[in-house]
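The values are calculated or read from the model by the stated rules, or taken from the named source; none is laboratory data. What you are looking at is a predicted structure, and each value in this text was computed from that prediction instead of being measured. Glycine gets a Cβ as well: all are built from the backbone with ideal geometry, and neighbour counts include every protein chain shown. Please note that ligands, DNA and RNA were not included when accessible areas were found on the heavy atoms of the full protein model with its side chains. Shrake-Rupley method; radii C 1.70, N 1.55, O 1.52, S 1.80 Å.
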Amino acid sequence: MQALVLEKVGKLSLRDIEIEESLGPRDVKIKIHTVGICGSDVHYFQNGRIGPFVVKAPMVLGHEASGAILEAGPEVKHLKAGDRVCMEPGIPDPNSKATRLGMYNLDPAVRFWATPPVHGCLRETVIHPADFTFKLPENVSFGEGAMVEPLAIGMHAATKAAIQPGDLAVVLGAGTIGAVTALAALAGGCSRIVITDVKQAKLDLVSGLGPILPVNVTRGNVADVVREMTDGWGADIVFECSGSEKAITKVFELLRPGGRVVLVGMPGELPKFDVVAAQTKEARIETIFRYAHVYDRALTLMGSGKIDLKPFITDTFAFADSIQAFDWAVNMPETSVKGQIEMPE
Ligand SMILES: [Zn+2]
């Protein structure tokens, strides 16, 4: 089948590739419709590795996908041919210790699309476990369906934050993940969000989507803003989505006593971490890695209209232009958020 293949660092090709997949009794075969371009795809394209994961052989990119069912295995009850769906890209071992404890995202044996050596989904069809395939509500488009993957990260962060109704949250970083975390936190009960970034266009977009106050950190000080809003008490929750060392080092400045910090962004360098600042507020610190058990909830929120991801889909490319789409993504304009690739009908 035709696929977008990362041959090696910096070299993509659109070509035929043979992928061995057979339809098991609990699997579905899906015709891919839309695939989002993720920062990790671009990172593999440019650097050939992310941490311990190294591209050693040609690999199909893409993990944010939606499509339509072509065929369902005989034991699949909740899906049938023609259903519009999106898919969780990580498939754990159902019998692993992590999976049995409910943390299947942490299963060391998880097979995740476009994480070497596993092929991604920028191709005509995939075979996928039905248990990790979710029907789209009627009012959710294929494009929005392919946005559920990044939203799932925000949903998992909001879940880990144990939001109480009315909480004030700060979100550091207004890229795709920061923006969807802000929406998930509002849907989860936060009364308002303060969001920061250095790029004004990102702040302009997200601040129009709810009670979200933008702070451009090149011009303003977010700690002052939070102090003023809370009479010096601090925010109930801080979601660190920037991965910036500077932001991580000062994260506790923003927090109220007994507040919660959720570390979402992945810093490139080992950041300084102010232990005493955390201790004097008895800060609770949570971390997340991908997500678990949130796809169905994300889709319910999108179906009910509580979360609208359409404003984030800023650029759409045809599959035939996939290579140009990746060149675009490497130097993505500030006004763009998510680029997606649509497969031919
Ligand atoms: Zn992604």
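Computed quantities for the displayed model
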read-out: FRET efficiency estimate (nearest 0.05) - Cβ-Cβ, Ser304 to Arg219, R0 30 angstrom; value: 0.25
read-out: Formal net charge of residues neighbouring Ser191 (Cβ-Cβ distance under 11 Å; K, R +1; D, E -1); value: -1
read-out: Positive-pole candidate from Ile163, Ile212, Leu23, dipole of the chain, charges at beta carbon; value: Ile163
read-out: Whole-percent carbon and sulfur share, accessible surface of the chain, 1.4 Å; value: 54
read-out: Sequence ranges 142-153, 298-309, ranked by mean other-Cβ count within 10 angstrom, highest first; value: 142-153, 298-309
read-out: Simple label model, 7 Å out from Cα along Cβ direction - Lys11 to Glu124, nm; value: 2.5
read-out: Pairs beyond 32 Å (Cα-Cα), from Lys11/Lys97; Lys29/Lys306; Lys31/Lys56; value: Lys11/Lys97
read-out: Residue-level accessible surface for Glu282, protein heavy atoms, 1.4 Å, Å²; value: 150
read-out: Sparse-neighbour loop sites [chymotrypsin sites (Phe, Trp or Tyr not before Pro); segment 183-288; at most 16 other C-beta within 10 Å; DSSP]; value: Trp233, Phe273
read-out: Kyte-Doolittle mean at least -1.0 and Cα axial length at least 15 Å: DSSP H helices in the chain; value: 148-160, 176-187
read-out: Gaussian network model of the chain, springs between alpha carbon atoms under 10 Å - residue of Val180, Val42, Val54 with greatest fluctuation; value: Val54
read-out: Gained length - Arg26 relative to Asn331, 0.36 nm times residue gap less alpha-carbon distance; value: 105.7 nm
read-out: His293 accessible area, assembled protein chains, probe 1.4 Å, Å²; value: 110
read-out: Qualifying trypsin sites (Lys or Arg not before Pro) for segment 2-78 [loop in DSSP, other Cβ within 10 Å: at most 13]; value: Lys56, Lys77
read-out: Gaussian network model of the chain, springs between alpha carbon atoms under 10 Å - residue of Val225, Val126, Val170 with greatest fluctuation; value: Val225
read-out: Solvent exposure, largest accessible area first (probe 1.4 Å, DNA, RNA and ligands not counted), of Glu88, Glu7, Glu345; value: Glu345, Glu7, Glu88
read-out: GNM top mover of Val261, Val222, Val276 - the chain, alpha-carbon springs below 10 Å; value: Val276
read-out: Cut-off 9 Å between beta-carbons: net charge of the residues surrounding Met1, Lys and Arg +1, Asp and Glu -1; value: -2
read-out: Over the chain: helical MRE at 222 nm, DSSP H runs n ≥ 4 each giving -39500 (n - 2.57), nearest 500; value: -6500 deg cm²/dmol
read-out: Proximal lysines relative to Lys272, as straight alpha-carbon distance under 22 Å, when same-chain residues fewer than 8 apart are discounted; value: Lys246, Lys250, Lys281
read-out: Pairwise centroid distance, computed over Cα atoms, of segment 242-259 with segment 5-70, Å; value: 35
